[in-house]
Amino acid sequence: MITVEQALEIILSEINVMGQERVAIPFSLHRVLAEDVVSGRDNPLWDNSAMDGYAVIAEDTKGASRDNPVTFTVTEDLPAGYVARNSLKRGEAIRIMTGAPMPDSADAVIMVEDTEKLQGQGVKIFKEAIAGDNIRKAGEDFKKGNTLLKRGSVIRPIEIGIMAAIGKSFVNVYQKPKVAVLATGDELVEIDEPLEKGKIANSNSYIISAQIKECGAEPLQMRIARDRKDDLIEKLKYASAADCIVSSGGVSVGDFDLVKDMLKEMGTEMRFWKVAMKPGKPLAFGVIGGKPTFGLPGNPISSLVVFEQFVRPALLKMMGRKAVLRRIVSAVLMEDIKKKPDRTHFVRGVLTTKGDKYYAEPLEGQGSGMLCSFVSANCLIILPKEETQFKKGDRVKAQLIDNSFLYQ
Ligand code: AMP
Ligand code: MG
């Protein structure tokens, strides 16, 4: 059986980045840039005031202090968005607001706190200025021709702001994959159907679709496929129109676990079937017509954990992301754990910080069909395959699976 690390390597080696599309910048949040963004202009475009105050010729302020103010004649009031009508002459000042372009021949701004307005046209200045004081120089942020954003970077609010600042209203990003979600099993009913004895609600399709959305991709939730060859083939054929197929159930060793065989029958090149992990050993991965196909296990938590470890990185790679793995931190284990040396375990846990350390506490209820313990989990404690004994106080790896942890 292959290891988690091997499985991830095989999967990522099969994944290609999607094509590109052009979107308006407000819709580009969290997408990945498919082009370098080069500035067509300087920013700022002209020298402008960094303060509300008085634009002056620095030399005229020589020796100014609280005890020895220098008086200037104010010739103009200059709000942001306007250009001074006059250039400054010696002994003159222009009242200037933050962001207004520097008047010709002015070379410093005295902030308003260091001045006192006089009756009529005068102002007293209490501070000596050096040329360049409180001026934002043209091009100090960036210049025409600078590459401001690199292809492959994730678009956050600041990237959108930069594109807006240079007047770029559309941008090329990588496409979002459409991902077919197919639950399989005779025991499943849709969530609004009555539950007769022996039946269970199809929760997996909803979890998986939400996980796909969380990655930024587009789920296409299909109707349940029954454990029959003809129904599976029909639904899988339909699903193969998507960019990626994610099914759940039907990949273990039971007589009705037909998914893997039907995938093969449809021409899927199977790459592997089982991974040494718990939860989630049965994971069928293959490629059909260049499209990745994941047969996830049926148990909801197995499916969720397998998605986190393998499908999420694959979808992120398809969308052009470079960093596709969840953050892993080193944490102090808060309870003893024993396990067999056969599989990597992913234990639902609560990660907290105290001082400069992370602490990881395993949760009660680790069964792969038990949904509830995942509600309080914000991490998966990763216990390496070969190791068997983990003592309270040991260092373990904790994978941050809950984005909200970042905001706590
Ligand atoms: P399987 O891998 O098909 O043998 O499924 C294992 C178990 O996972 C089933 O007995 C169900 O209890 C559960 N299961 C399978 N598919 C789903 C689903 N779509 N939603 C919720 N539970 C499921
Ligand atoms: Mg089944």
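The values are calculated or read from the model by the stated rules, or taken from the named source; none is laboratory data. Only a predicted model underlies this, so the values are computations on that prediction, with no experimental measurement involved. Positions of Cβ are generated from backbone atoms using ideal geometry, with glycine treated the same way; all protein chains shown enter the neighbour counts. Areas reflect the complete protein model, heavy atoms only, side chains present, ligands, DNA and RNA absent. Shrake-Rupley method; radii C 1.70, N 1.55, O 1.52, S 1.80 Å.
Computed values, structure above
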quantity	calculated
Cβ-derived FRET efficiency at R0 22 Å, residue 392 paired with residue 371, nearest 0.05	0.20
Nitroxide proxy distance, nm - points 7 Å out along Cα→Cβ at residue 353 and residue 5	2.8
Lysines with Cα under 16 Å of residue 260, excluding same-chain neighbours fewer than 8 positions away	229, 235, 237, 274, 281, 291
In Å, descending, principal axis extents of the Cα set of the chain	96, 49, 41
Accessible surface of the range 328-407, 1.4 Å probe, proportion on carbon and sulfur as whole %	53
Quotient of Cα Rg and 2.2 N^0.38 Å for the range 328-407, N being how many residues it contains	1.04
Whole-Hz ³J(HN,Hα) from phi, Karplus 6.51 cos²θ - 1.76 cosθ + 1.60, for the range 167-183, glycine and proline x	x, 9, 9, 10, 9, 8, 10, 6, 5, 8, x, 8, 10, 6, 10, 10, 8
The chain: most fluctuating residue of 281, 168, 199 per GNM, C-alpha cutoff 10 Å	199
Most fluctuating residue given options 183, 284, 106, as computed from a GNM of the chain linking Cα atoms under 10 Å	106
Accessible area per residue in Å² at 1.4 Å probe, computed on the chain	50
Share of carbon and sulfur in the accessible heavy-atom surface of the range 1-157 [1.4 Å probe, %]	49
Quotient of C-alpha Rg and 2.2 N^0.38 Å, computed over the range 1-150	1.73
Residues residue 85 and residue 214, FRET efficiency given R0 of 60 Å [Cβ-Cβ distance, rounded to 0.05]	0.60
Accessible area of the range 186-288 belonging to carbon and sulfur atoms, whole % at 1.4 Å probe	51
Per-residue [θ]222 nm for the chain (sum of -39500 (n - 2.57) over DSSP H runs n ≥ 4, rounded to 500)	-4500 deg cm²/dmol
Reach of residue 127 by Cα under 14 Å, taken over aspartates and glutamates that are not fewer than 8 positions away in the same chain	59, 60, 67, 113, 114, 116
Nonlocal amide H pairs with residue 96, under 5 Å, H built at 1.01 Å	53, 54, 55, 78
Theoretical gain in end-to-end length, residue 27 to residue 237 [0.36 nm per residue, Cα-Cα removed]	72.4 nm
